[in-house]
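The values are calculated or read from the model by the stated rules, or taken from the named source; none is laboratory data. Predicted model only: the values in this text are computed from it and were never measured. Positions of Cβ are backbone-derived with ideal geometry, glycine not excepted, and every protein chain shown enters the neighbour counts.
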Amino acid sequence: MKKLMPLAVLCTSALIATSATAQTSPLSVGASASITDVKYAGQTETGHTWEANGTLRLTDYSSLYTGYGQTTADFEDSNGIERTLTSSYIPVALQFTVPGEMGSLYLRGGANYYRTEFGSEKDIGWGAIGTIGVKLNTTTGPGLAFELTYADRGDAETSSVTVGTSIGF
């Protein structure tokens with residue numbers, strides 16, 4: 001039993017040190033979902049977007065943002081057959097945050113690498129993204145965000161109203 005005591009103290013100390021470090025880490029991870037207006041081939045339809053994302057805080061007012069997401073919407077092709085447009089993307093952006101008492105207001109701008117598929121048509125490339133949002137929480141712990149986002153994905157453009165959740169470490 002005496003041999004296990006130092007191991008238990010070491011493990012407990014490591015756990016406490018890890019918890020203290022985790023709360024001051026500049027990392028935040030999150031997930032979001034949205035209703036999205038998608039413009040494609042002269043048509044506009046309502047679709048859905050989901051995204052897993054993360055931020056790396058650079059200063060109290062700026063961070064790097066990236067993730068992976070996917071947008072889907074149903075459109076009629078040239079033969080009048082309804083098909084699903086799918087756009088997968090990886091955003092890379094710089095986010096500027098104005099902290100407040102109950103949360104923060106932020107602006108995000110950058111690019112997204114996308115792959116859009118509609119039937120046999122494929123479009124791959126880079127497009128611009130822009131977001132304005134409100135996050136309800138401080139920098140650590142769980143948070144709730146509301147965003148308005150525009151994204152250019154080549155032949156497709158999206159405008160989204162997003163609700164997301166995140167956890168800061």
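Some observations on this one:
- Test set (1) closer than 22 Å to VAL163 by Cβ; (2) modelled with pLDDT of 95 or more - LEU56 fails condition number: (1)
- Per-region count, the stretch 153-169, residues farther than 17 Å from TYR65 by Cα and part of a strand (DSSP E or B): 7
- Scanning the stretch 140-163 for residues that are over 20 Å from GLY47 (Cβ atoms) and either at pLDDT 95 or above or over 16 Å from the mean Cα position of the chain (by Cα) (or both) yields a count of 2.
- Residues of the stretch 98-139 classified as more than 18 Å from the chain's Cα centre (by Cα), of a type in the set (D, E, K, R) and not in a loop (DSSP other than H, G, I, E, B), total: 4
- Looking at ALA33, ALA73, just one residue is surrounded by 14 or more Cβ atoms within 10 Å (Cβ to Cβ), in contact with a Phe, Trp or Tyr (Cβ under 6 Å, 6 or more places away or on another chain) and not acidic (Asp, Glu), and that residue is ALA33.
- Selection from the stretch 110-169 of residues that are surrounded by 15 or more Cβ atoms within 10 Å (Cβ to Cβ), more than 21 Å from GLY30 (Cα to Cα) and acidic (Asp, Glu): GLU117, ASP123, ASP152, ASP155, GLU157
- Selected residue (criterion: nearest to ALA111 (Cα to Cα)) from residues of the stretch 47-83 that are of a type in the set (D, E, K, R) and assigned to a loop (DSSP other than H, G, I, E, B): ASP60
- Some residue of the stretch 128-142 being free of Cβ contacts under 8 Å to residues at least 12 places away in the same chain and farther than 22 Å from THR72 by Cβ: no
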